[in-house]
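See structure below.
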Amino acid sequence: MSHGSPDVAVVGAGIVGLSTAFALKQRGAQVTLFDPAPPGSGQSAGQSRLFRHAHNDPRLVDFVRHSRALWRQWESDWGVELISDGGSVAIGPAIDRKRKTLDPFNDIPVRTLDPPELRQRLPILAPCEQPAMLDVDGGAIRALSAIGALADRLQDELVADHVLSVRPVSDGQAEVRTGTRCDDFEHVVVCAGRGTATLARGAGMAIPVEVAAHVRLTFPVRGDAPERLPTFQDGSGAFGETGVYASPYPGNRFYSVGLSGTAQVSDDGSLADPAELAAVADRTTEYVERALPGLEPRPVDYVHCWATTLPWGEDGVGVWSANGVSAVVGHNLFKQAPALGEALAQAAAGDGLPEQLRPEARLGHD
Ligand SMILES: Cc1cc2nc3c(=O)[nH]c(=O)nc-3n(C[C@H](O)[C@H](O)[C@H](O)COP(=O)(O)OP(=O)(O)OC[C@H]3O[C@@H](n4cnc5c(N)ncnc54)[C@H](O)[C@@H]3O)c2cc1C
């Protein structure tokens, strides 16, 4: 650390803020982590997420590969499973491109699956002749375990308060005003999910984020739970949808399924048409009836949450940083969180932000 033990505020205790606060604490920084809500109750809510290496931008493949190594490190340090061993299956014509992007990475094992192998790997799927691949080291992120393990390690740093404003003040410091406090910090990292762009605007940064609402449903697996189940992405259209993602719960008795379809948000932040979310949920159940006969098409739980996307792509991520304030925005950040936290901690400690995370680098472009 180049500047002693800096005093850093992190706003937001989702997976990104928790990872950042944890990385800062590991570096010996004094950390205050603000969130009025229980850790992991924003976009990071729910039992599982997909970890996949395949991304259109090879720089992002490299970044998530590093993140995978950090997930492994946490698993080993904490003695808890954070990513399942079932792998990650994708079907559809886009897998040719995915494989080409992954080819140069010799340490990311990827295999083509023929229809019998696909059936064996993913027995809950209807008969399917689509091109298929397996990302062997992908899997289901145990989201609740990850949030719980990080929150346990940050109990002393967590302050249950809402941040109203962040702004640069004198001597390169930044001020944080909360419901009941006003403090100056050497650096403030804003990881407030949907609230990030609003707080960053107060600090003089304009972030071009698009907000929409998502729904994901969980269905029971019929019969005995398979010993291993992969995560699943269907871009084929063979079952009537092209943007499907799905992942198992621990124990493989339940499987979560979502469509990339979102509900639009109005300028005042409300849902343009609340019925849109219900319509996406109905389409998801209909997809399950057609494509996943190994599931009962009867949702047992829902995750509704905001999705914050940058204009350059579904997997786009960027960090805006100036005058003692850094703000991170992107979508599909769960898998990236350990690497993002490490990079944000490095920036907050005065050791510089990796170039590829600057907005102009457009990391994760389509
Ligand atoms: C249904 C769904 C499925 C997804 N699937 C995947 C997937 O398979 N793989 C993947 O990698 N990613 C996936 N994602 C995306 C991923 O979950 C998010 O990108 C990630 O959780 C974002 O984490 P975060 O910490 O940035 O934000 P959040 O989890 O939203 O955390 C922000 C926190 O900031 C707090 N906050 C907000 N405003 C303030 C304020 N003013 N003061 C103090 N605190 C504040 C909130 O209370 C919240 O706790 C999915 C998202 C959804 C919704």
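Laboratory data are not the source of any read-out in this text; all were calculated from the coordinates shown. All values reported here derive from a predicted model rather than from experimental measurement. We place every Cβ from the backbone using ideal geometry, glycine too, and count neighbours over all the protein chains shown.
Observations
- Debye-sum result for the stretch 220-366 in log10 I(q)/I(0), which assumes one identical scatterer on each alpha carbon, at q = 0.08, 0.19, 0.20 Å⁻¹: -0.32, -1.16, -1.21
- Between amide H atoms placed 1.01 Å from N, distances below 5 Å from ARG49 occur with ILE141, ALA143, all of them 5 or more places distant or on a separate chain.
- Selection from ALA160, SER44, ILE108 lying farthest towards where the dipole of the chain points positive, charges on Cβ: ILE108
- Coil-residue trypsin sites (Lys or Arg not before Pro) of the stretch 229-320, DSSP, other Cβ within 10 Å capped at 11: none
- Each Lys and Arg contributes +1 and each Asp and Glu -1, all at the Cβ; summed about the Cα centre of the stretch 1-72, the dipole is approximately 340 debye.
- Rounded to the nearest 10 degrees, the angle from helix 337-348 to the longest Cα principal axis of the chain is 20 degrees.
- The stretch 101-138 and the stretch 259-320 have Cα centres spaced 25 Å apart.
- Across the stretch 29-36, rounded Karplus estimates of 3J(HN,Hα) from the backbone phi angles (6.51 cos²θ - 1.76 cosθ + 1.60, θ = phi - 60°) give 6, 7, 10, 10, 10, 9, 6, x Hz, Gly and Pro being marked x.
- Paramagnetic reach from SER266 (point 7 Å along Cα→Cβ, amide N under 17 Å) across the stretch 196-238: 211-213
- Considering only VAL11, VAL211, GLY223, the residue lying farthest towards the positive end of the dipole of the chain is GLY223, judged by Cα position with unit charges set on Cβ.
- Based on alpha carbons, the Rg and Dmax found for the stretch 1-112 are 17.2, 52 Å.
- Positive-end residue of VAL288, ALA345, PHE334, charge dipole of the stretch 260-366 with Cβ unit charges: ALA345
- Using only side-chain charges placed at the Cβ, +1 for Lys and Arg and -1 for Asp and Glu, the dipole size of the chain relative to its Cα centre rounds to 440 debye.
- The amide H of LEU292, built 1.01 Å from its N in the peptide plane, has ALA126 as neighbours under 5 Å, considering only residues 5 or more places off or on other chains.
- The stretch 175-215: relative contact order in percent, alpha carbon pairs under 8 Å with at least 6 residues between: 21 percent
- Relative contact order [Cα under 8 Å, 6+ residues apart], the chain, whole percent: 25 percent
- By the rule of a C-alpha distance below 16 Å, with chain neighbours fewer than 8 residues away ignored, the aspartates and glutamates paired with LYS98 are ASP57, ASP62, ASP107, ASP135, ASP137, ASP234, GLU314, ASP315, ASP366.
- Highest-fluctuation residue, PRO297, PRO116, PRO39 considered, GNM on the chain with Cα pairs under 10 Å: PRO116
- Per DSSP, loop chymotrypsin sites (Phe, Trp or Tyr not before Pro) in the stretch 69-136 with at most 16 further Cβ within 10 Å: PHE105
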